[in-house]
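The values are calculated or read from the model by the stated rules, or taken from the named source; none is laboratory data. Note that the structure is a prediction, hence the values are computed from the model and not measured. Note that each Cβ is placed from the backbone with ideal geometry, even for glycine, and that neighbours are counted across all protein chains shown. Only protein heavy atoms, including side chains, enter the accessible area calculation; ligands, DNA and RNA are left aside. Shrake-Rupley method; radii C 1.70, N 1.55, O 1.52, S 1.80 Å.
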Amino acid sequence: MIGAGVVGMACALRLQRAGHAVTVLDPLAPGNGASFGNAGVFAVGHVLPLGMPGVLARVPHMLLARESPLSIRWSHLPRMLPWLARLVRSSTPARIDAISAALRDLVTDGLDSTRALLGPRHFVDLVRHAGWLFVYSDAAALERDRAGIALRRARGVRIEEIEAGALRQLVPALAPSVRHGFLFPDCGHTVNPHRVVVTLAALLREAGGTIKTATARGFDIGEAGVTRVLTDGDGIATDGVVLAAGADSAALARALGSRVLLESERGYHVTMPDPGIDLRVPLLAVGEKFSITPMEHGIRLGGTAEFSAGDAPPNPRRHAMMVAQARRLLPGISDTGATTWVGRRPSTPDSLPVISGSPHHRNAWFAFGHGHVGLTTAAVTAGWIADLVAGRPPSVDLAPFRVERFS
Ligand SMILES: Cc1cc2nc3c(=O)[nH]c(=O)nc-3n(C[C@H](O)[C@H](O)[C@H](O)COP(=O)(O)OP(=O)(O)OC[C@H]3O[C@@H](n4cnc5c(N)ncnc54)[C@H](O)[C@@H]3O)c2cc1C
């Protein structure tokens, strides 16, 4: 297994339990990539792709607005043109319908699969089932989102419209100007996304698996497929490899003969250890595009999108913007002692991860590109990878997730 993020660790544990002897390689300790600081929401109603026509139409406005959830570092633009072209091609009504159906297959069992993987004791410790409440700072943001709400309902997602009075009962700290909400009652959240991965790592070790500090650099390939993962040291002999290196997966996929379109879609978080308000249900600030999640270490603002080189320095103005916007929704919130972070979502232009066997090597599999829903869908992905490795037909059609769609 290459990569000890939430996806790699979930796949590793599932495969170890299926009787394989699993070794996970990562230069970092488990859960220190994108999985470290996400917003913690099990977004089981996330059935719409990034490239919705309404969103794309607003891109120029968003890029020019002073406080925008979207930013692109212009120096990075030429490199991402093929990705952007594919994003646009993925935005036709027919493609959106197909992608949305595939996303539904992927996200719907997110909570149940996570419970099964973690086991009831760890699940109760780490996950709360309080729903996810979409809130709107103004009427225009609400109106823009109505079509998306209708599409999600059409896909079978349960959504309750919440009027002002009930909204204030759910979240007393909300500003009076926030008058509308939609509650997704089937969603949940973790109180600590990093601890989810650390727990999966502990369960893997208990089940006999191994985690090694090493960077995969390439592969030795023989008649029977991949025989060795090359590292800076001796490398590791193997009879099969799963690539789950998050936003860094493209070069290794290429070494296995598969081209993919994958961008680092950077997201920011601010965690407020002493927020001064009570929040029981995670919120999505819809117009601002970040979640506000109650966690065991305070309240976390997490989200927004920045396309830039993955190793570009973080932009501190984005953290300040998120705090200012959160204050408008929750006027009492305090950022005293807040910590900040930026992480790289592994994002494909069609918003679907690559969950696939390699078309070139019978013992190589791909599990990356989970974009905005890697926490939600890691355990589902693990089940599908276990099916593919066993040569069993998975319960759903995995064609939309195949790596060949990029070739
Ligand atoms: C701000 C923000 C908020 C988010 N909120 C949510 C949310 O609320 N809900 C949700 O479901 N998702 C959310 N996400 C998305 C989610 O965090 C990601 O989809 C998920 O963490 C991806 O997991 P991963 O294991 O694929 O990648 P990562 O966690 O990045 O792990 C990849 C691992 O691979 C390792 N690696 C890289 N190259 C190599 C190599 N050559 N050899 C060995 N190892 C290598 C890296 O060191 C890393 O540890 C959010 C993301 C961000 C940034």
How large are Rg and Dmax for segment 137-204 when only the alpha carbon atoms are used, in Å? 16.5, 48
Quick one: accessible area per residue over the chain, 1.4 Å probe, rounded to a whole number of Å²? 41 Å²
Read phi for every residue in segment 117-127 and hand back ³J(HN,Hα) as whole Hz from Karplus 6.51 cos²θ - 1.76 cosθ + 1.60, θ = phi - 60°, with x for Gly and Pro. 6, 6, x, x, 5, 5, 4, 5, 5, 9, 10
Among DSSP beta bridges lying fully in the chain, give the percent that are antiparallel, nearest 5. 75 percent
Point-charge dipole on Cβ atoms (K/R +1, D/E -1) for the chain, about Cα centre, debye to 20: 540 debye
Return the distance in nm (one decimal) between the two label points of a simple spin-label model at R58 and T227, each offset 7 Å from Cα along Cα→Cβ. 5.5 nm
Carbon-plus-sulfur fraction of the accessible area of segment 6-406, 1.4 Å probe, in percent? 54 percent
Gain on full stretching of the segment that runs from L151 to A94 - 0.36 nm per residue minus C-alpha separation: 19.2 nm
Quick one: check the C-alpha center-to-center distance for segment 328-396 versus segment 237-307, whole angstrom. 9 Å
Angle in degrees between helix 193-206 and the longest Cα principal axis of the chain, rounded to the nearest 10: 30 degrees
Summed side-chain charge close to A250 - residues other than A250 whose Cβ falls under 10 Å, Lys, Arg +1, Asp, Glu -1: 0
Tally Lys/Arg at +1 and Asp/Glu at -1 over every other residue whose Cβ is under 13 Å from the Cβ of L375; what's the total? +3
For segment 241-348, with equal point scatterers placed on the C-alpha atoms only and solvent neglected, what are the log10 I(q)/I(0) values from the Debye formula at q = 0.16, 0.17, 0.21 1/Å, to two decimals? -0.74, -0.80, -1.04
Can you give the convex hull volume of the alpha carbon atoms of the chain per residue, in Å³? 133 Å³
Alpha-carbon Rg with Dmax, taken over segment 186-256, Å: 15.4, 47
Counting other Cβ atoms within 10 Å, keep those with at most 10, restrict to DSSP loop, and tell me which GluC sites (Glu not before Pro) in segment 209-265 are left. E223
Return the sequence-ordered ³J(HN,Hα) values of segment 345-351 in whole Hz as given by the Karplus equation 6.51 cos²θ - 1.76 cosθ + 1.60 applied to θ = phi - 60°, using x for Gly and Pro. 6, x, 10, 9, x, 9, 6
Can you work out ³J(HN,Hα) from phi for every residue in segment 50-63, in order, using Karplus 6.51 cos²θ - 1.76 cosθ + 1.60 and θ = phi - 60°, giving whole Hz and x for Gly and Pro? 4, x, 6, x, x, 6, 4, 5, 8, 4, x, 4, 5, 6
On the Cα set of segment 1-156, report Rg and Dmax in Å, please. 18.9, 55
For the chain, what does the helix formula give at 222 nm: sum of -39500 (n - 2.57) over DSSP H segments with n ≥ 4, over the residue count, nearest 500 deg cm²/dmol? -10000 deg cm²/dmol
Toward the positive end of the charge dipole of segment 6-406, about the Cα centre and with charges on Cβ (Lys, Arg +1; Asp, Glu -1), which of G371, A247, Q325 goes farthest? Q325
Applying the gyration tensor rule to the Cα atoms of segment 294-407 (axes a ≥ b ≥ c; rounded if a/c under 1.5, else prolate if a/b exceeds b/c, else oblate), the class is prolate
What number comes out for the charge environment of G156, summing +1 per Lys or Arg and -1 per Asp or Glu over other residues with Cβ under 11 Å away? +4
Cβ neighbours within 10 Å, averaged per peptide: list 282-290, 18-26 in order, most packed at the top. 282-290, 18-26
